[in-house]
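J.: Handing you a structure now.
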Amino acid sequence: MILTQEQLPPPPISRLWLIGALLLVLLPHLWRFPLWLSAGCMALILWRLLHELRGWPLPGRELRWLLTLIGVGSVLITFHSIIGRDAGVALLSVMLCLKIIEIHSLRDAMIALFIGYFLVISGFLFDQSLFMGAYLFAVVMILTSAITALNHQGAQAGHHRLYLRTGGSLLLQAVPLMVIMFVLFPRLSAPLWHMPDNQETAVTGLSDSISLGSITQLAESDEVAFRVSFDEGIPAADQLYWRGPVLWYTDGSNWQRGSSNPNRLSVDYQQLGDPIRYTVTLEPHANHWLFALDLPASLPHRDVPGGVVLTNDYQLLGRRQINERIRYTITSSLNYRLHTLPEWLRQQALQLPAKANPQTRNLAAQWRTETTNDRELLQRALHYLVEQPFYYTRNPLPLGENPVDDFLFTTRQGFCEHFATAFVTLMRAADIPARVVTGYQGGELNELGEYLVIRQRNAHAWAEVWLEDDGWVRIDPTAAIPSNRVNASLDLNRFNTTEARASRGTDLSGFTRTLLKLRHSWDAINNGWNQWVLGFDRDRQSQLLERLGLESFSWKRLIILMIALLFSSLGLIALFLLLRLPKKSDPVLRLYQRFCQKLGRAGLIRHPDEGPRVFATRVKATRPELTEQVEAISALYEILRYGNSSDTEQQRELKRRVAEFRP
């Protein structure tokens, strides 16, 4: 039986290259699968490795069919489908592992490699970070090097550097083409395709309700919630209140959002200062809310997929869940005055359960009789928090059936949610409209990128009260607690100015400052990746084209320019490769190589370790009818190539015989 090159088994060392490359492809996916599914995939890869290293027999056809049924059934049992992002990638991973244990020829190996390339692309469906991008780029280089090893019949252990160098060279040649297409390919307002959202994925972040202790759980999280860059300077920290869900209704223990009808929004306000403009890069959190400072003066409809709405309590909501990183530019008013409070909204802001927290009600009633106006009563409540031994702690004592009473009169220990809900309860009990606002406060200044990083540990809750002639006024009762009664060292600088936080690094040790700089450097690099690679949308492309002087180009002209640059780059690469070719080549060797190519197309492939005589002997044994022609051509080649003869007549004879040779 005559085997073509595609049917020949790859050399042992190249098969190991293949297995190693595919294992690197699968690793990011295996940790996402259930343990038993990942263990099954790893067992199949280990089986193939033991076959290569120890000679273990591979499974027969019947066993492979059984393993295939088990693999598909496992995916169905785990994901209840074979369609969708998670199920589809799991099925493809299982199929690749099954393919690994049946690789016998170069054709099988190349099919497995192509599946590997596809799985590399699917890795970005789960993680688009810079680290994952660098890892997958390295995996692509290993896959490309594996192709080189598979197509080298003389592959040996000492050729590893050669394969890596070749794979890296091929990728470097592709980089200019990649950059040209990335920069010039017209950006669309919507993605070309969209994967179904994974509704079962849990995301750490704020909630639209408060059960005392919920924000405390976020206090230890260093996960980034969003990043913000300002057009003109960063406001002071006491203005950095990033508005999230606003809570109106309470049963005495828990707080929930009220109705958020944007059609009933009051816009009767007076601007008291210049608005500020800033850009938010929001991480996915599987909810609808966006974050902004105080009162949004403009809505980022264009930047948010599906658009946004502004609720009656001035919260920004996306019409779709935020399941991917988005970037939006917005303008906010930090100093303003509202003039009217609709009666229906006033009633929401005074709601309290009838019988909950009686001590708190009595205290508010007492203050109402002892004060002459709402402002005086508000100050009385703040002084109460300072005068009484209230402590700020992340590990407060548990509360009972009337949690506000227990907090104000018994434990006097709590986190921001305790202070905010207790203060709002006091205000409402004194007939002052009030509401609880949740969101984030402050942020960590990254001096390298000149932007703020807001993390989950910046989650915060504060109060807003309605005062006549001023409208809604933000009151943060947590900030009233003296610093000597703050039992969480990480929160001591929460309410300092931005300038103080920025200069705080001068008080740190040299080692700590170095770690802080490294952290900021890495975050700045990640932010650049998010802004200029993942966030390279139409606006970013327009900005870049404007810098390049191409702002007047239509999308048709951009495509023409892109194609022209692609062909120019390909031409330069081809010219570079041509210049690297040997200046002179042996005409006798070229004639013999043409002879071998004709035999290769007939299924008689010359092995790299075969000399002319050994190859001729094998050809004559396989095709006796070619004996005379093969002997004549091989003899002429040996004389001209290895002998002292350079007879032009013999060269012409060799040329004639090779041209007439028809295997």
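J.: On the principal axes of its Cα set, how long, how wide and how thick is the range 422-473? Give whole Å, largest value first.
T.: Ordered largest first, the range 422-473 gives principal extents of 48, 24, 9 Å.
J.: Using only the Cα atoms of the chain, what semi-axes does the equivalent ellipsoid have when each is the square root of 5 times a gyration tensor eigenvalue? Give whole Å, largest first.
T.: 72, 28, 21
J.: Expressed as a whole number of Å, what is the distance separating the alpha-carbon centroids of the range 449-464 and the range 32-81?
T.: First find each Cα centre; the distance between them is then 47 Å.
J.: Name the residues whose placed amide hydrogens come within less than 5 Å of the amide hydrogen of Leu445, ignoring near sequence neighbours (fewer than 5 apart) on the same chain.
T.: The answer is Val453.
J.: Starting from the residue with the highest accessible area, list Leu363, Leu119 in decreasing order, probe 1.4 Å.
T.: Correct descending sequence by accessible area is Leu363, Leu119.
J.: Also, quick follow-up: Three principal axis extents, largest first, for the C-alpha atoms of the range 565-663, in Å?
T.: Dimensions of the range 565-663 along the principal axes of its Cα atoms: 54, 32, 26 Å.
J.: Still on this model: Per-residue counts of other Cβ atoms within 10 Å, averaged by peptide: what ranking do you get for 56-64, 606-614, 304-312, 39-47, highest first?
T.: The packing order, highest mean first, is 304-312, 39-47, 606-614, 56-64.
J.: With the full set of protein chains in place, find how many percent of the accessible area of the range 1-129 is carbon and sulfur; take the probe as 1.4 Å.
T.: Here carbon and sulfur together make up 72 percent of the probe-accessible area.
J.: For a Förster distance of 35 Å, can you work out the FRET efficiency between the beta-carbons of Leu53 and His80, rounded to the nearest 0.05?
T.: FRET efficiency, Leu53 to His80: 0.40.
J.: Evaluate E = 1/(1 + (r/R0)^6) for Arg652 and Met42, where r is the Cβ-Cβ distance and R0 equals 60 Å; express this FRET efficiency to the nearest 0.05.
T.: 0.45
J.: Given all pairs of different Cα atoms, what value in angstroms does the Kirkwood hydrodynamic radius of the range 29-88 take?
T.: Hydrodynamic radius (Kirkwood, Cα only) of the range 29-88 equals 12.8 Å.
J.: Using a basic spin-label model with each label point 7 Å from the Cα along Cα→Cβ, how many nm lie between Leu577 and Leu545?
T.: 3.2 nm
J.: Of Tyr336, Tyr451, which has the most accessible area with a 1.4 Å probe, and how do the rest follow in descending order?
T.: The residues order as Tyr336, Tyr451, largest area first.
J.: While we're looking at this one, here's another question. For the range 274-403, report the convex hull volume of the alpha-carbon atoms normalised per residue, in Å³, without decimals.
T.: Per residue, the Cα convex hull of the range 274-403 comes to 206 Å³.
J.: Let me ask another. Let a ≥ b ≥ c be the square roots of the eigenvalues of the Cα gyration tensor of the range 614-662; is it rounded (a/c under 1.5), or, if not, prolate (a/b larger than b/c) or oblate?
T.: oblate
J.: Where does the chain land at 222 nm, in deg cm²/dmol rounded to the nearest 500, when only DSSP H runs of n ≥ 4 count, each adding -39500 (n - 2.57), divided by all residues?
T.: Taken over the chain, the calculation gives -15000 deg cm²/dmol.
J.: On C-alpha positions alone, give me the angle between the axis of helix 648-660 and the longest principal axis of the chain, in degrees, nearest 10.
T.: 70 degrees
J.: If I stretch the segment between Leu35 and Ala354 completely, what's the gain in nm (0.36 nm per residue apart, minus their alpha carbon distance), one decimal?
T.: Length gained between Leu35 and Ala354: 109.7 nm.
J.: Could you grab the Rg to Rh ratio for the range 53-95? Cα atoms only, Kirkwood for Rh.
T.: My calculation puts Rg/Rh at 1.13.
J.: Hey, could you grab the Kirkwood Rh for the range 85-130? Inverse mean 1/r over distinct alpha carbon pairs, Å, one decimal.
T.: Roughly 11.3 Å, rounded to one decimal.
J.: What share of all Cα pairs of the range 357-400, in percent, falls into each consecutive 5 Å distance bin?
T.: 5, 18, 21, 23, 17, 10, 5, 1
J.: A further question on this structure: Which whole-number percentage describes the relative contact order of the chain, with Cα contacts under 8 Å and a sequence gap of 6 or more?
T.: So the answer I get is 13 percent.
J.: Which residues' amide hydrogens lie under 5 Å from the amide hydrogen of Ile326, considering only partners 5 or more residues apart or on another chain, with H built in the peptide plane?
T.: Correct list: Leu282.
J.: May I ask you to rank Val139, Val386, Val224 by accessible area, largest first, using a 1.4 Å probe over the protein chains only?
T.: Final ranking, largest accessible area leading: Val386, Val224, Val139.
J.: Modelled label-to-label distance, Ile559 and His160, 7 Å Cα→beta-carbon offset: nm?
T.: Output for this residue pair reads 4.7 nm.
J.: What is the total of Lys pairs in the chain with C-alpha atoms under 27 Å apart, excluding same-chain pairs fewer than 8 positions apart?
T.: 7
J.: Then there is this: Going highest first, how would you order 416-426, 316-326 by mean Cβ packing within 10 Å?
T.: So the order, starting with the most tightly packed, is 416-426, 316-326.
J.: When ligands, DNA and RNA are left out and all protein chains stay put, how many square angstrom of accessible area per residue does the chain have with a 1.4 Å probe?
T.: With all protein chains present, the chain gives 52 Å² per residue.
The values are calculated or read from the model by the stated rules, or taken from the named source; none is laboratory data. Since we're looking at a predicted model, the values are computed, not measured. Note: ideal-geometry Cβ built from the backbone for every residue, glycine included; neighbour counts use all protein chains shown. In case anyone asks, the SASA skips ligands and DNA or RNA and just uses the protein heavy atoms, side chains included. Shrake-Rupley method; radii C 1.70, N 1.55, O 1.52, S 1.80 Å.
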